Amino acid sequence: MAWGYGLKTRKDAGQGVVLNNIDAGETLLVKGVDFGARGARSLTACVQAPAGGRIEIRLDSADGPLAGTLSLRPGTGWKQQSCRLSGAKGVHDLYFVFTEGGFEWAWWQMK
């Protein structure tokens with residue numbers, strides 16, 4: 001993580017350090033991500049989202065090109081949820097824009 005706006009963390013016995021109390025309008029920046037020539041085609045995140053939530057995956061700025069949207073299904077406990085990505089090729093700053101909050105996030109992976 002290079003920068004985060006409004007984000008908080010806590011320790012979870014099973015997941016380690018997680019983002020918690022995520023609110024709409026908060027962002028997370030990862031600088032200089034090299035997606036390679038082939039690019040990333042999907043994002044999987046491990047979340048606890050009792051009321052659901054939404055994460056936009058954007059390139060180069062918080063209002064930059066939209067590479068994908070992860071709409072979280074409501075549920076209890078830690079669950080892996082995924083979305084498709086497009087346009088994530090080469091080197092970009094990666095922004096996770098939380099447009100709906102109320103969930104926790106343990107980890108993410110792109111393929």
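Couple of notes before you dig in:
- Accessible area of residue 35 in the full protein assembly, 1.4 Å probe (Å², nearest 10): 30
- Close amide H contacts of residue 12 (hydrogens built in the peptide plane, cut-off under 5 Å, sequence separation of 5 or more or a different chain): 17, 18.
- The apolar share of the surface of the chain, taken as the fraction of accessible area on carbon and sulfur atoms (1.4 Å probe, ligands and nucleic acids excluded), comes to 50 percent.
- 25 Å Cα-Cα reach of residue 8 towards lysines, excluding residues that sit fewer than 8 places from it in its own chain: 31, 79
- Accessible area (Å², per residue) of segment 1-88, counting only protein heavy atoms and a probe of 1.4 Å: 54
- Gained length - residue 69 relative to residue 11, 0.36 nm times residue gap less alpha-carbon distance: 18.2 nm
- Reachable aspartates and glutamates from residue 11, criterion Cα separation under 17 angstrom, eight or more residues apart if same chain: 104
- Each Cα pair under 8 Å and six or more residues apart adds its sequence gap; the mean of these over the residue count of the chain is a relative contact order of 38 percent.
The values are calculated or read from the model by the stated rules, or taken from the named source; none is laboratory data. Given the structure is predicted, the values throughout are model-derived calculations rather than measurements. Remember, those area values only see protein heavy atoms, side chains included, never the ligands or the DNA or RNA. Shrake-Rupley method; radii C 1.70, N 1.55, O 1.52, S 1.80 Å.
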